[in-house]
1. Select from the range 116-132 the residues that are in contact with a strand residue (DSSP E or B) (Cβ under 6 Å, 6 or more places away or on another chain) and either loosely packed, with under 14 Cβ neighbours inside 10 Å or free of Cβ contacts under 8 Å to residues at least 12 places away in the same chain (or both) and list them in ascending order.
2. Taking residue 538, is it surrounded by 14 or more Cβ atoms within 10 Å (Cβ to Cβ) and at pLDDT below 80?
3. When you look at residue 177, is it touching a helix residue (DSSP H, G or I) at 6+ places or on another chain (Cβ under 9 Å) and either surrounded by fewer than 17 Cβ atoms within 10 Å (Cβ to Cβ) or not in a loop (DSSP other than H, G, I, E, B) (or both), yes or no?
4. Restrict the check to the range 215-222 and report whether at least one residue is out of contact with any strand residue (DSSP E or B) (no Cβ under 8 Å at 6 or more places or on another chain) and closer than 30 Å to residue 474 by Cα.
5. If we only count strands (runs of 3 or more DSSP E) wholly inside the range 310-401, which ones have 2 or more residues that are over 17 Å from residue 287 (Cβ atoms) and modelled with pLDDT under 90?
6. Please go through (1) under 24 Å from residue 371 (Cα atoms); (2) in contact with a helix residue (DSSP H, G or I) (Cβ under 9 Å, 6 or more places away or on another chain); (3) in the same structural domain as residue 307 (by TED's automatic domain parsing); (4) surrounded by fewer than 22 Cβ atoms within 10 Å (Cβ to Cβ) for residue 185 and return the number of the only condition it doesn't satisfy.
7. Among the residues of the range 154-169, is there at least one that is in contact with a strand residue (DSSP E or B) (Cβ under 6 Å, 6 or more places away or on another chain), buried (at least 16 other Cβ atoms within 10 Å of the Cβ) and assigned to a strand (DSSP E or B)?
8. Considering only residues that are without any contact (Cβ under 8 Å) to a residue 60 or more places away in the chain and buried (at least 22 other Cβ atoms within 10 Å of the Cβ), which ones fall in the range 416-434?
């Protein structure tokens, strides 16, 4: 803290030193020293509590402004004295004029650097590790395999109801932040416990008794309080403040986000913060050189790692706040600063509909965590998505899936909310998956108390196709049935293959209002659907007919239209 205070006061210290060589009166020196002491105390307090930026550009600007303030204080007093003794011999100025000019030039240079930093955003976009893919290559939703996480609002609601599990709970409150990670190979949410205030910290003995953990993919999961006392927290004061400790011990690094709480496989809590070093004479980060500070919340020991070398238990070295800023740069800085406001060529805007700083944490089947967000067109008010991104929370690599003809997450939420208008339930956590080759919005439905009321799957290309259920699996089955009944065109996806099928018709049902025929074959539980607009012969199908056709089959379920249908019993 002393180093940062001195850095912000360099110009003030130099001006004070110059004034010592002046031949002013003793009262002038005392007054000058009082001004200097006031500046030092004020800046020291500001540095300790505000924790200002340590970027060189910020320090230069602060020196220019503070130096100018100090210079004007000293000179202003002297000029006032000269005015009050106009008929007498003019007093000599305490400071030479060139000092004021030097300070003014410093301010101008710093402001120029600020402007340069603000206008030159293209290098930041270039530094993002990114890949562009087609939407059909996006992650595929697999039945009973793809984890569907509980909405963070639901997690916080359940944890707050369990606050009585905390010893001396009157001293604590539950954090508003939910941390997604894998713990001992299982997806979980970690929720930090915070002090209820300064006196609560003092009376509690400056120690938080533990944190909460909850299964992230079990909709009926209950939170467990883990007794792992820790001293350092973001809600603590003075030197127990986790953010302050990281700030103090990493003087050459700039913070990109607030610390997040993660735990290792032994349950020991750590604070994790994304940091960076700005490009020369700018505030711009280089996303290929991000680092992570990992601080033990119990003893304060900390170490700074590159993304490639950070501990294996850290799932979100790139915090959600850092990921949201990365998305913003990716979407708006593609052709530089001016294009953001004029022309807007290739500009895409993140919708920020995720529950964590505008992004949504996704548990991948490979044991990693990604951040999801979708992008819309800033030039129109249409609810159409231009694509969506998945950011690897460990590496920071952004994969953008370009799409066309699909609604964005805002439109998807509105569609779901309309479906539950009578109950006044709301959709949350919209995530886009490929389901049977079709882009599909997967959402959790919550009531006013953030309790889970079900799940809603919506075809991103056709809002008339949707399915809902009490569980993710039930909603998936309902959605697939909706696809089947609609005759929607479905592409091949992993686990879904167009197969040649032969057999004897067993049960046959004509769905007249939808021009469909649904049927089963002997010794098969699969229900097939054929569109009679495409195959008129299907209207004449009877039990016992010999059939040959192609159908897309997913885990013993027929999805979409039967293709190349032939009733061999008809001559």
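The values are calculated or read from the model by the stated rules, or taken from the named source; none is laboratory data. Everything numeric in this text was worked out from a predicted model, so none of it was measured. Every residue, glycine among them, receives a Cβ derived from its backbone with ideal geometry; neighbour counts consider all protein chains shown.
1. 131, 132
2. Details: surrounded by 14 or more Cβ atoms within 10 Å (Cβ to Cβ): yes; at pLDDT below 80: no.
Against the criterion (surrounded by 14 or more Cβ atoms within 10 Å (Cβ to Cβ) and at pLDDT below 80), residue 538 does not qualify.
3. On the way: touching a helix residue (DSSP H, G or I) at 6+ places or on another chain (Cβ under 9 Å): yes; either surrounded by fewer than 17 Cβ atoms within 10 Å (Cβ to Cβ) or not in a loop (DSSP other than H, G, I, E, B) (or both): yes.
It is true that residue 177 is touching a helix residue (DSSP H, G or I) at 6+ places or on another chain (Cβ under 9 Å) and either surrounded by fewer than 17 Cβ atoms within 10 Å (Cβ to Cβ) or not in a loop (DSSP other than H, G, I, E, B) (or both).
4. Kept after step one, since they are out of contact with any strand residue (DSSP E or B) (no Cβ under 8 Å at 6 or more places or on another chain), are these residues of the range 215-222: 218, 220.
Going one step further and asking which of them are closer than 30 Å to residue 474 by Cα, we end up with 218, 220.
Yes - at least one qualifying residue is present in the range 215-222.
5. Details: elements: 360-363, 369-376, 384-392.
The strands (runs of 3 or more DSSP E) meeting that bar are 384-392.
6. Residue 185 satisfies all of (1) under 24 Å from residue 371 (Cα atoms); (2) in contact with a helix residue (DSSP H, G or I) (Cβ under 9 Å, 6 or more places away or on another chain); (3) in the same structural domain as residue 307 (by TED's automatic domain parsing); (4) surrounded by fewer than 22 Cβ atoms within 10 Å (Cβ to Cβ) except (2).
7. No: zero hits.
8. Quick first cut of the range 416-434, residues without any contact (Cβ under 8 Å) to a residue 60 or more places away in the chain only: 416-427.
Those that are without any contact (Cβ under 8 Å) to a residue 60 or more places away in the chain and buried (at least 22 other Cβ atoms within 10 Å of the Cβ): 416, 427.
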